[in-house]
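Read the structure below first, then the notes.
The values are calculated or read from the model by the stated rules, or taken from the named source; none is laboratory data. Only a predicted model underlies this, so the values are computations on that prediction, with no experimental measurement involved. Glycine gets a Cβ as well: all are built from the backbone with ideal geometry, and neighbour counts include every protein chain shown. Keep in mind that these areas ignore ligands, DNA and RNA; they rest on the heavy atoms of the full protein, side chains included. Shrake-Rupley method; radii C 1.70, N 1.55, O 1.52, S 1.80 Å.
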Amino acid sequence: MSPFSLTEDQIAIRDMAQDFAAETLAPHAARWDEEKHFPIEEMRAAAALGMGGIYIGDDVGGSGLTRLDAALIFEALSTGCPTVAAYISIHNMCAWMIDRYGSQEQRQQFLPKLCTMEHLASYCLTEPGAGSDAAALKTKAVLDGDHYVLDGQKQFISGAGVSDIYVVMARTSEAGPGGISTIVVEKDTPGLSFGANEKKMGWNAQPTRAVIFENCRVPVANRLGPEGIGFKIAMAGLDGGRLNIGACSLGGAQGALDRSLAYAKERKAFGSAIADFQALQFKLADMATELEAARSLLWRAAAALDAKTPDATKLCAMAKRVATDTGFEVANHALQIHGGYGYLADYGIEKIVRDLRVHQILEGTNEVMRMIVARGLVGRAKGN
């Protein structure tokens, strides 16, 4: 692609995801939210179109696409339902970690069923006492012959209790990031259990539970890479995850903007359509402009991650912060434009606001994104 346009293939990929969102996700999104229904069959239908292993190698059933392609897909899917799109994003992040750091045996063992979403995956890093300070995690994996024995608890895990594969960061040696390893724990492993499904502000169409390990024996063969690189694996996964969740924010917000434009043309006040009022026109113009600016930064960060440039992590942090803040603000403005109707579930705006709010917290809070950017700036200023 040029810096300012998409290729024909990328447009086709985006349109395919957009059509799927409009036909398969959007008509049911409100009901799934209300009923707290996890739409597994619909996600498997997305996987049949190549969205279960977007940037996974094609030798194990993946689509072999780029990070920019993924950003286009997740933005498009989120116009139908940000919650479902965000879970598919997390699933893809887990699959990529296995694809990138797993052995050929591990890739062949786990990835074919992940790419079809016959098996679902969950990312297990956060703990009750280790959120932003992820390197302080306490879940232990003690070597016992050809197994690790895991003890500890993970918190706020999307898909927990339903997923078949749990990509777990656990402590195998000393304190700090150098003592963390990544281990794949399979569903039904003795000693693996789950907390109650959390009651949440949004993201109701995917389950969120604690993942609990009590004398949970996992084969050493399920460790990704050597011991001690688990924190590196977790952070590498999050670079792409941050792009994806930013794209989900843009898609949800774009959907809210599109609904606001339609509403403004129909709603009348003081004898005119409210779209004729300059104050509202300026608000809509600002919403569209902010979304386009955030989208441009996100695409640049995706291209940097594809190219493995030295500033890719910094750009991913910038893009995540800007896209998720912008997405929430645009959705919130859309609710205001709808007035009292925006507060009603029937119009779908309040769901978008609720769903997008958590994007400013997960995959690293936006305060942590600022820390990552600041470290890069300060380090460069010091000549490091």
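Looking only at the range 86-102, which residues are open to solvent by 10 Å² or more (accessible area, probe 1.4 Å) and assigned to a helix (DSSP H, G or I)?
Ile90, Trp96, Asp99, Arg100, Tyr101
Does any residue of the range 261-276 turn out to be of a type outside the set (Ser, Thr, Tyr), surrounded by 13 or more Cβ atoms within 10 Å (Cβ to Cβ) and outside any helix (DSSP H, G or I)?
For the range 261-276, residues of a type outside the set (Ser, Thr, Tyr), surrounded by 13 or more Cβ atoms within 10 Å (Cβ to Cβ) and outside any helix (DSSP H, G or I): present.
For Gly241, which of the numbered conditions (1) closer than 30 Å to Ile372 by Cα; (2) open to solvent by 20 Å² or more (accessible area, probe 1.4 Å) fails to hold?
(2)
Here are some conditions: (1) assigned to a helix (DSSP H, G or I); (2) without any contact (Cβ under 8 Å) to a residue 40 or more places away in the chain. Thr309 meets all but one. Which one does it not meet?
Of the numbered conditions (1) assigned to a helix (DSSP H, G or I); (2) without any contact (Cβ under 8 Å) to a residue 40 or more places away in the chain, the odd one out for Thr309 is (1).
Here are some residues: Ala285, Ala304. Which one is in a helix (DSSP H, G or I) and either touching a residue at least 60 places away in the same chain (Cβ under 8 Å) or over 23 Å from the mean Cα position of the chain (by Cα) (or both)?
Checking each option against the conditions leaves just Ala285.
Within the range 43-83, which residues are assigned to a loop (DSSP other than H, G, I, E, B) and under 20 Å from Gly237 (Cβ atoms)?
Listed by number, the residues that qualify are Gly52, Gly53, Ile54, Tyr55, Ile56, Gly57, Gly61, Gly62, Ser63, Gly64, Leu65, Thr66.
Out of everything in the range 181-211 that is under 25 Å from Gln360 (Cα atoms) and not in a loop (DSSP other than H, G, I, E, B), what residue ends up being most open to solvent (accessible area, probe 1.4 Å)?
My answer is Arg209.
Which residue pairs have Cβ atoms closer than 6 Å, lie 6 or more positions apart in sequence or on different chains, and pair a first residue in the range 217-230 that is over 17 Å from Arg107 (Cβ atoms) and open to solvent by 10 Å² or more (accessible area, probe 1.4 Å) with a second residue that is at pLDDT 95 or above and among the hydroxyl-bearing types (Ser, Thr, Tyr)?
Filtered contacts from the range 217-230: Glu227/Thr172; Glu227/Ser181.
Looking only at residues that are polar (S, T, N, Q), open to solvent by less than 20 Å² (accessible area, probe 1.4 Å) and under 22 Å from the mean Cα position of the chain (by Cα) in the range 132-180, which one is nearest to Glu198 (Cα to Cα)?
Restricting to residues being polar (S, T, N, Q), open to solvent by less than 20 Å² (accessible area, probe 1.4 Å) and under 22 Å from the mean Cα position of the chain (by Cα), the top hit is Ser158.
For the condition aliphatic (A, V, I, L, M) and within 27 Å of Ala170 (Cα to Cα), what is the one hit in Ala71, Ala130?
Selected residue: Ala130, the only one of Ala71, Ala130 that is aliphatic (A, V, I, L, M) and within 27 Å of Ala170 (Cα to Cα).
Could you tell me whether any residue of the range 288-300 is over 14 Å from Cys248 (Cβ atoms), surrounded by fewer than 19 Cβ atoms within 10 Å (Cβ to Cβ), touching a residue at least 12 places away in the same chain (Cβ under 8 Å) and in contact with a Lys or Arg (Cβ under 7 Å, 6 or more places away or on another chain)?
Within the range 288-300 (the criterion being over 14 Å from Cys248 (Cβ atoms), surrounded by fewer than 19 Cβ atoms within 10 Å (Cβ to Cβ), touching a residue at least 12 places away in the same chain (Cβ under 8 Å) and in contact with a Lys or Arg (Cβ under 7 Å, 6 or more places away or on another chain)), the answer is no, since none of the residues qualifies.
Step by step: first the residues of the range 325-384, then only those that are among the polar types (S, T, N, Q) and within 17 Å of Gly246 (Cα to Cα), then the one that is most open to solvent (accessible area, probe 1.4 Å). Which residue is that?
Asn332
I'd like to check something: does the range 227-247 contain any residue that is within 30 Å of Asp311 (Cα to Cα), assigned to a strand (DSSP E or B) and not basic (Lys, Arg)?
Checked against the condition, which is being within 30 Å of Asp311 (Cα to Cα), assigned to a strand (DSSP E or B) and not basic (Lys, Arg), the range 227-247 yields no hits at all.
Please enumerate the residues belonging to the range 145-168 that are of a type in the set (Gly, Ala, Ser) and touching a strand residue (DSSP E or B) at 6+ places or on another chain (Cβ under 7 Å).
Gly152, Ser158, Gly159, Ala160, Gly161, Ser163
Considering Ala247, Ala303, which residue is out of contact with any Gly (no Cβ under 8 Å at 6 or more places or on another chain) and open to solvent by 10 Å² or more (accessible area, probe 1.4 Å)?
Of Ala247, Ala303, the one residue that is out of contact with any Gly (no Cβ under 8 Å at 6 or more places or on another chain) and open to solvent by 10 Å² or more (accessible area, probe 1.4 Å) is Ala303.
Being charged (D, E, K, R), open to solvent by 20 Å² or more (accessible area, probe 1.4 Å) and over 16 Å from the mean Cα position of the chain (by Cα) is the requirement here; does Glu105 meet it?
yes
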